Amino acid sequence: MNIPVTRTTREMKKNNVVQVIEALRSQEAATKSEVAVETGLSVATCGTVLNELCESGEALMLEQAASRGGRPAQRYALNPDYYSVLSLYAEGSDTAATLVWSVTSATGEMLGQGEMDYRPLTLDYFFQQAKNLLDAWPGVKVLGVGLPGVVTDGVVLSCDISHFVNVPVLAELQQRFGLYVQIDNDMNYTAWGFYRSSCADITAPVAYILKPDVPCTGCGIVVNGQLLQGASFFAGEVSYLPWQAGNDLPLADELGKIVASLTAVINPATVALSGPRLSDALLPQIRQRCAEYIPARHMPQLVFRPSVRSDYLQGIAELSRQRYMLYRLFND
């Protein structure tokens with residue numbers, strides 16, 4: 001998580017709050033002494049922060065921990081009902097598309113999910129469905145949106161669903177609904193969701209390649225536990241790599257070259273691959289093509305993901321929650 005640099009006492013206190021919240025999230029429930037061990041902060045500081053979180057309703061006091069001879073210690077946990085996160089993404093093309101959504105609690109529990117045909121394929125329909133979901137889930141304070149394209153500063157620069165192109169979707173959603181909105185491309189969210197669910201205990205780079213039906217292969221990258229987005233948010237646009245791509249190359253050849261390129265540049269420990277034309281049976285061929293360029297000792301583990309949905313939704317929910325927390329604390 002990219003926590004803002006602390007330069008003042010006030011910012012340092014906010015940083016302490018972030019650490020305590022994340023410690024409670026990782027342990028589900030803990031005493032202030034346990035939080036102090038997790039964060040490296042003093043017990044007194046943790047106690048102060050926990051009291052403030054309980055006063056605001058963001059944390060709850062639970063039953064006291066079993067006594068080990070002294071006074072029973074108070075246990076704390078985050079309040080799952082403090083707010084909810086709506087994760088919404090569009091997938092497909094100008095020919096046919098789908099809207100997929102989920103609602104999760106402040107602590108990440110799944111409250112509901114579903115999908116709907118994106119028909120008619122218009123911006124008005126997209127905004128109307130977002131409104132319908134927000135009306136149905138009044139506890140939502142955070143909206144995370146994923147799109148199949150390049151998104152910079154809330155504006156969609158390119159997209160497989162063309163009516164989003166050049167639209168300031170972030171500002172439009174904020175103006176319409178008055179809540180915190182986070183928007184990013186599909187691969188950043190999906191790579192983050194895969195990293196959090198399958199690779200969160202490693203610091204080595206992880207990549208996620210998606211080969212969709214449309215002729216535009218995408219990739220998301222996590223390095224040292226952080227999304228790699230690049231100077232202009234263009235990192236991972238592997239369809240721009242300088243060789244003949246798309247239907248002109250056999251699928252295993254194209255993906256083998258992409259994996260080899262990633263290995264030479266970021267040396268990932270794991271590369272996940274997904275797409276309607278992929279299967280576990282294709283992985284040995286991809287590995288063989290990659291071995292034509294990369295020594296065996298540097299080869300990443302290849303993992304087939306039958307669907308991006310769970311990774312994608314988890315990535316939207318977790319990144320949106322993290323960024324909302326930092327926004328609340330550091331932008332008042």
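How fast does the range 1-150 diffuse by Stokes-Einstein, in µm²/s, taking the Kirkwood radius from C-alpha pairs at 20 °C and 1.002 mPa s? Can you show the working numbers first?
Values: Rh = 18.0 Å.
Reported coefficient: 119 µm²/s.
Separation of the range 123-177 and the range 208-251 by C-alpha centroid, Å?
Here the answer is 23 Å between Cα centres.
Which percent of the accessible heavy-atom area of the range 198-332 goes to carbon and sulfur, probe 1.4 angstrom? List each step's numbers first, then the result.
Details: 3310 of 6330 Å².
Carbon plus sulfur share of accessible area: 52 percent.
Using +1 at the Cβ of each Lys and Arg and -1 at the Cβ of each Asp and Glu in the range 68-155, identify which of Gln74, Gly112, Leu134 lies farthest towards the dipole's positive end.
It is Gln74.
Computed from these coordinates, which is mean projected area of the Cα convex hull in nm²: (1) 17.2; (2) 21.6; (3) 19.4?
Structure-derived value, by its label: (3).
What ranking, highest mean first, results for peptides 174-186, 212-224 when packing means the other Cβ atoms within 10 Å averaged over each residue? Kindly include the intermediate steps, with their values, before the conclusion.
On the way: 174-186: 18.8, 212-224: 20.6.
Per-residue mean Cβ counts within 10 Å order the peptides as 212-224, 174-186.
Determine the per residue accessible area of the chain with all protein chains present and a 1.4 angstrom probe, expressed in square angstrom.
Numbers: 15730 Å² over 332 residues.
Heavy-atom accessible area per residue stands at 47 Å².
Can you list the chymotrypsin sites (Phe, Trp or Tyr not before Pro) in the range 236-312 that are in a DSSP coil and have 11 or fewer other beta carbons within 10 angstrom?
Loop-located and lightly packed - Trp243.
So, with +1 on the Cβ of K and R and -1 on the Cβ of D and E, and no other charges, what is the size of the charge dipole of the range 210-332 about its Cα centre, to the nearest 20 debye?
Details: 11 positive and 10 negative charges, 55 e Å.
Dipole of the range 210-332, to the nearest 20 debye: 260 debye.
With +1 on each Lys and Arg Cβ and -1 on each Asp and Glu Cβ, and nothing else charged, work out how big the dipole of the chain is about its Cα centre, in Debye to the nearest 20. Please list the in-between numbers first.
On the way: 25 positive and 33 negative charges, 177 e Å.
The calculated dipole for the chain is roughly 860 debye.
Taking a cut-off of 14 Å between Cα atoms, list the aspartates and glutamates near Lys32, but don't count ones fewer than 8 places away on the same chain.
Within reach: Glu22, Glu52, Glu63.
What's the ranking of 158-164, 126-132 by average number of surrounding C-beta atoms within 10 Å, highest first?
On the way: 158-164: 19.0, 126-132: 15.9.
Averaged packing, sorted descending, gives the order 158-164, 126-132.
Could you calculate the FRET efficiency of Val165 with Thr9 from 1/(1 + (r/R0)^6), where r is the beta carbon distance between them and R0 is 45 Å, rounded to 0.05? Write down the numbers at each step before the final one.
On the way: r = 45 Å, r/R0 = 1.01.
Rounded to the nearest 0.05, the efficiency is 0.50.
Can you list the aspartates and glutamates whose alpha carbon is less than 18 Å from that of Lys131, not counting same-chain residues fewer than 8 positions off?
Within the straight-line cut-off, Lys131 pairs with Glu115, Asp117, Glu172.
For the chain, what is the calculated [θ] at 222 nm in deg cm²/dmol (nearest 500), taking -39500 (n - 2.57) for each run of four or more DSSP H residues and dividing by its residue count? Can you show the working numbers first?
On the way: 9 runs with 123 residues, N = 332.
Using -39500 (n - 2.57) per qualifying helix, the result is -12000 deg cm²/dmol.
The values are calculated or read from the model by the stated rules, or taken from the named source; none is laboratory data. Values in this document were obtained by computation on a predicted structure and should not be read as measured data. Here the Cβ is made from the backbone with ideal geometry for all residues, glycine too, and neighbour counts use every protein chain on show. With ligands, DNA and RNA removed, areas are computed over all heavy atoms of the protein, side chains included. Shrake-Rupley method; radii C 1.70, N 1.55, O 1.52, S 1.80 Å.
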